[in-house]
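Contents: one structure, followed by commentary.
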Amino acid sequence: MNMRITFLGTSGGVPSVSRSLPAISISFAGELLLFDCGESTQRQMMKAGVGFKPRMKIFLTHIHGDHSLGIPGLIYTLSMLGRKEPLRIYGPRGTREYVEKILDLRVGAINFEVEAVEVGEGLVYESREYVVEATPSEHTIPALTYKLRERDRPGRMRVSYLESIGLPRGPLWGKLQRGETVEWMGRKITPEEALGPPRPGRKIVYTGDTRPSDRIAVFARDADVLIHDATFGSEFEDEAAEQGHSTATQAARIARQANVRRLYLFHISPRYEGREEQLLREAREIFPETYLPRDLEVYEVPYNE
C-alpha cells in the first residue's frame, strides 16, 4: 500500500517566489490527509495531481494565518466541485471558533458538512489502516506535532512450514494472514504458527512550527520521516527561539536524537530564497540523511521489511 508525501507548500510566514505556504498531503489507504492548509493550497493540490478525494481530512498544527488561511478557499473550491461528503478539520484549542467564523462569513454556498474537532495530546484519529496521534509543540500559541502511524502489518508467511504440512495455497493462506485460525485435515492451524513476527508500520512525524523539543524527539522515535521546522540558519538562533521556531541545525539534532530515517527541513524563511543550500549543509553536518524539499516534491515512504 503506497504512502506518498507531497510537499505542497514549504515556505514559512509569507510565500516566496518559489515556495508556497505550509501544506503537506499524505496519500494513503485511499485517503488524502492534509497537514496544514496555507493560502492557495487547493491550487497546489491541483498542480500536484493529488486530487480532492471523498475521503479527506485536515489536521492543523495551529491557527496562525500562514498555516490555516487556505481553508476558506479549499472549502469553497470543494463546494464548487460538487462535494457532498463531510469534511472534518482537526486542530488544537481555538480551531472550532476559527472554522465557525469562516463558515459564518457566508461568501458562497457550501454543499457539505464541515466539522471542526479540537484535539490535544494522544490519539486524534484511527482507522483500520492507520492512527494519527499528537503531542504539544513549543510555539507561541497552542500548537501540535502530528504522527501518522501505519498499523503493523502481518508477518511473512512461513512458506516452508505450510508446504510441509500440505496446506494448499489460496483462501486458507489468506485467512491466516488476516489473523484467522483455519482447519486442515483435522487439525487447527493458528496465525502464530503460520506467520513470522509482525512487521512494523511506517511512521511520519510533522511538527509544524516549534522550537526544538525533547518531547518531540521522544514522540518521533524511530520514525521513517521527520518533517521539522527549520525556519532559520544557525546565525538566527536567538530570533528563532523568540518566534517559536527552530534552526536547521536544531532540527538535525532532534532527528539524530530521535533516530529517524530521514529528515525533511520545512517552513523555510523567504530570506533564504536562492540560498537554501546553506540550511541543508548545516543540517547534514549533524544528520546526513537530511533533505530540503521543493514545492510539489514527492516522497514514497518504503515499507519496513
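What follows draws every value from the coordinates through simple rules; no lab data is involved. Quick caveat: nothing in here was measured; it's all calculated off a predicted structure. Here the Cβ positions follow ideal geometry from the backbone for every residue, glycine too, while neighbour counts run over all protein chains shown.
A few points about this structure:
- 13 Å beta-carbon shell around VAL119, net charge (K/R +1, D/E -1): 0
- Residue exposure proxy: LYS147, LYS101, ordered by other Cβ atoms within 10 angstrom of their Cβ from fewest to most, comes out as LYS101, LYS147.
- Modelled this way, with points 7 Å down the Cα-to-C-beta line, the labels at GLU85 and GLU193 are 4.1 nm from one another.
- Summing Cβ point charges (Lys, Arg +1; Asp, Glu -1) relative to the Cα centre of the chain gives a dipole of roughly 1260 debye.
- CD proxy at 222 nm, helix term only [per DSSP H run n ≥ 4: -39500 (n - 2.57); per residue of the chain; nearest 500]: -7000 deg cm²/dmol
- Given charges at Cβ of Lys, Arg, Asp, Glu: the chain dipole, positive-most of GLY94, VAL205, SER79: SER79
- Backbone HN-Hα couplings from phi across the stretch 177-194 [Karplus 6.51/-1.76/1.60, Hz, Gly and Pro as x]: 5, 7, x, 9, 7, 10, 10, 8, 6, x, 10, 8, 10, 9, x, 4, 6, 8
- Cβ-to-Cβ counts within 10 Å put GLU100, GLU133 in ascending order as GLU100, GLU133, the fewest first.
- Least to most buried among GLU150, GLU183 (fewest other Cβ within 10 Å first): GLU183, GLU150
- Around the Cα centre of the stretch 16-67, unit charges on the Cβ atoms of Lys, Arg, Asp and Glu (plus for the first two, minus for the last two) sum to a dipole of about 200 debye.
- Among beta bridges identified by DSSP and lying wholly in the stretch 51-179, the antiparallel ones come to about 60 percent.
- Whichever aspartates and glutamates have a C-alpha closer than 20 Å to that of LYS188, once near sequence neighbours (fewer than 8 apart) are set aside: GLU163, GLU180
- Database remark: amide H of PHE59 closer than 5 angstrom to the amide H of LEU34, PHE35, ASP36, TYR90 (H placed geometrically; neighbours at sequence offset of 5 or more, or on other chains; Pro and chain starts carry no H).
- With a cut-off of 9 Å between beta carbons, the residues surrounding LEU32 carry a summed charge of +2, where Lys and Arg count +1 and Asp and Glu -1.
- Test item: Cα-centred dipole of the stretch 121-245, Lys/Arg +1 and Asp/Glu -1 on Cβ, debye: 1340
- Highest to lowest packing among 200-212, 250-262, scored as the average C-beta count within 10 Å: 200-212, 250-262
- If you take all other residues with their beta carbon under 14 Å from the beta carbon of ASN2, and give Lys and Arg +1 and Asp and Glu -1, the sum is -1.
- Whether the stretch 177-305 is rounded, prolate or oblate, judged on the alpha carbon gyration tensor where a/c under 1.5 counts as rounded: prolate
- Grouping the Cα pair distances of the stretch 83-198 into 5 Å bins from zero gives a pair-distance distribution of 2, 9, 14, 13, 9, 8, 8, 8, 8, 8, 7, 4, 2, 1 percent in increasing distance order.
- Hits among lysines - C-alpha to C-alpha of LYS47 under 28 Å, sequence gap 8 or more where chains match: LYS57, LYS84, LYS147, LYS203
- Matching the structure-derived Rg/Rh (Cα atoms, Kirkwood Rh) against the labelled list (1) 0.96; (2) 1.05; (3) 1.10 gives the label (2).
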